[in-house]
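We did not get these values from a lab; they are worked out from the coordinates using the rules stated. The model shown is predicted, which means the values in this text are computed figures rather than measured ones. Here the Cβ positions follow ideal geometry from the backbone for every residue, glycine too, while neighbour counts run over all protein chains shown.
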Amino acid sequence: MTILLCLLLPCTATGNEVLPEPLTLAAALATAQNPAHYELVEIEQRLQALRAELGIEKGNYGFSLDLRGQLSEVGPSDFAPDTESNDSAASLVLSKPLYDFGLRNAREKVLALQLESLEYQRQLLIEQRRLSILQMYFAVLNADNNFISENEALAIDFNRWDRAVERQELGQVAEIEVLRLQSIFEMTRQKRQLAQQQQRLTRARLAEAMGYPQQLPSDLEIPQIDTERALPSESRPIVDRALSHSLEAQLTAAKIMATQAAISIADANDNPSLDFEVEVSSYARDSRLRDDWRVSLLFEIPLISGSAAPRVELATALHGQALANQQQMHSQLRLEVLQLWEEIQQLRLEIEGRNIERSYRESYLDRSRAEYELEFKTDLGDSMVLYSRSNAERLQAVYAYELAYQRLAALVGEDFLNQAASSQ
């Protein structure tokens, strides 16, 4: 599965390491687990806080040893056998809760389920970061391809304008034609400038997503992408798989279990409790009414609590809200899987068409180059730009296909997609 691949990627990045140059797709995706990134730092702190809360809850039911002291000065009665005025005392108390009729188990279960839910949330965050980095990596490649096309167009439009200026000086071209070519050049220069800005902006976004804002990648390796991967012919099995095995589904299921367990806490808050206590004391003033030690079983039975019913109602309402959120998530998953499944098939057709168009543009460019070498009248410059743009559009479709496929694989697992397709 995609998430398993993500979890196996190196997770030693600290944000101070140097990214490889050229940057590979594998190295970029590995930074999805960069522990120095603020998103992972924040969720890791939440995990530590919840683990500590669970430890506190368990510690509350262990043995506790307390030293209790009392410093007192009294005025004894004239008839008292002990006329000592110092009435101070010190006691050592050992205590332990014995039984609370299910409240402890309910609390620990809720915290454990919340911890499990947060672990799923962390895995989901890593997967979402991985897909975001993948998208931004492709955005950089698309920006580079677009800049190449606009740079070629700028060079060609400048040459045309420059030649027109020379011919105008010889009286061979009218001024209006020179102005027309100059306006075309200016428009192309604006497009090139915008393409260059997109190169910087997409690199900055990629660096931020990876957690290396000070290391803008200058050179990216072009990945090899298989656009012929098998895909199930029907979307229904993929939808069913996503509803049961996706991280989103597991996360909402864990939240439902936690809210269901919270109902037990609300219901058990008014349960009886039984505690064990041993007390050993020392007194500065003797008295027959005092004990040197005592062993006690303390029990408490709540009789009336006005908040008992509202607590259960609140917990029940939160559980119902979690169930409704699960239905909403299922609705979103069904539509997302269907959309990705349709998009992948549509992009396959688009890639086939783009491949044919590129072949045509390549052949046309070869003919234009041959005519140029033979000093025939040719449109070599236009052919070069059209070929460059055709190739850029083909790669853009390829990258869109890969992104859609990886998003679908993140929901159901790439192994499942391969097995479902091969079983048809």
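Quick check: the angle from helix 236-245's long axis to the longest principal axis of the chain, C-alpha only, nearest 10 degrees?
Its long axis makes an angle of about 40 degrees.
Which value results when the Cα radius of gyration for the chain is divided by 2.2 N^0.38 Å?
Normalised Rg, Cα atoms only: 1.67.
Whole percent per 10 Å bin, from 0 to the bin with the longest distance: what is P(r) over all C-alpha pairs of segment 162-236?
15, 20, 18, 20, 17, 8, 3, 0
Given the peptides 222-230, 201-209, arrange them by the average over their residues of other C-beta atoms within 10 Å, most packed first.
My ranking of the peptides, most packed first, is 201-209, 222-230.
Using the Cα centre of the chain as the reference point, and only Cβ charges (+1 on K/R, -1 on D/E), how large is the resulting charge dipole? Debye, rounded to the nearest 20.
The calculation lands at about 720 debye.
According to a simple spin-label model (label point 7 Å from Cα along Cα-to-Cβ), what is the distance in nm between Leu170 and Gln196?
A separation of 3.1 nm, rounded to one decimal place.
Apply 1/(1 + (r/R0)^6) to the Cβ-Cβ distance of Ile56 and Glu357, taking R0 = 60 Å, and write down the FRET efficiency to the nearest 0.05. Kindly include the intermediate steps, with their values, before the conclusion.
Values: r = 65 Å, r/R0 = 1.09.
Result of the calculation: an efficiency of 0.40.
In straight Cα distance, which aspartates and glutamates are under 15 Å from Lys191, not counting same-chain residues fewer than 8 positions off?
Within reach: Asp144, Glu150, Glu152, Asp157.
Aspartates and glutamates within cross-link reach of Lys255: Cα-Cα under 14 Å, excluding same-chain residues under 8 positions apart?
Correct list for Lys255: Glu116, Glu119.
In whole Å, what are the Cα extents of segment 276-424 along the three principal axes, biggest one first?
Result for segment 276-424: principal-axis Cα extents of 126, 39, 34 Å.
Using a cut-off of 15 Å between alpha-carbon atoms, which aspartates and glutamates can reach Lys96, once sequence neighbours fewer than 8 places away in the same chain are excluded?
The reachable aspartates and glutamates, counting only those whose Cα sits under 15 Å from Lys96, are Glu57, Asp66, Asp275, Glu277, Glu279, Glu300.
Calculate the dipole size of segment 274-424 relative to its Cα centre from +1 charges on Lys and Arg beta carbons and -1 charges on Asp and Glu beta carbons; express the result in debye to the nearest 20.
With Lys and Arg at +1 and Asp and Glu at -1, about 260 debye.
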